[in-house]
1. Give me the number: length gained by fully extending K67 to I105, i.e. 0.36 nm times residue separation minus the C-alpha to C-alpha distance, one decimal in nm.
2. Between I24 and Q2, what's the calculated FRET efficiency when r is the beta-carbon distance and R0 is 30 Å? Round to 0.05.
3. Given a 1.4 angstrom probe, I'd like the percentage of the accessible area of the chain that is carbon and sulfur, rounded to a whole number.
4. Segment 1-101: Rg/Rh from Cα coordinates, Kirkwood Rh?
5. I58 to A17: extension gain in nm, 0.36 nm per residue of separation minus the Cα-Cα distance?
6. How large is the charge dipole for the chain, taken about the Cα centre, if only the Cβ atoms of Lys, Arg (+1) and Asp, Glu (-1) carry charge, to the nearest 20 debye?
7. I'd like to check one number: the per residue accessible area of the chain, probe 1.4 Å, reported in Å² as a whole number.
8. Quick one: among P65, P41, P50, which has the greatest mean-square fluctuation in a GNM of the chain with alpha-carbon springs under 10 angstrom?
Amino acid sequence: MQNDDLMGLIVALVIFAVVLVVYIGLIVLGITIAKRKNRSPHWMWFAVHPLGLLITLIVMACLPPLKRCPNCTQSTQLYARLCGICGHSYETGGGFAPQPQPVYIPPQRY
């Protein structure tokens, strides 16, 4: 191997490493944006393809954040007044009373 070939190989490996680090950094950035907005970070699986990464980053940056219900921990819209699952009121801090769980009573022995 000549010195020019070796130098070309080193330059190609360095460029590949830089591109890979930037690509992985953008995926981590997308996951961070999704978690900060209470969105699922699993959307970043579209980042396997570079075009999917670009589209997913744009969509995650444009989506409004969600809020979590303190009663049932489901995600709802930011400006919702009631939780759609449990009926928790975000304005008053209360909601429907939770239904009591049925209690098992063993049968009587004869």
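1. 9.7 nm
2. Efficiency, rounded to the nearest 0.05: 0.35.
3. The value for the chain is 69 percent carbon and sulfur by accessible area.
4. 1.33
5. Difference between extended and current length: 12.3 nm.
6. 760
7. Accessible surface, normalised per residue, equals 83 Å².
8. In this elastic network of the chain, the residue with the biggest mean-square fluctuation among P65, P41, P50 is P50.
The values are calculated or read from the model by the stated rules, or taken from the named source; none is laboratory data. Model, not experiment: these values are computed from the prediction. Glycine gets a Cβ as well: all are built from the backbone with ideal geometry, and neighbour counts include every protein chain shown. Surface areas here come from the heavy atoms of the whole protein model, side chains and all, with no ligands, DNA or RNA. Shrake-Rupley method; radii C 1.70, N 1.55, O 1.52, S 1.80 Å.
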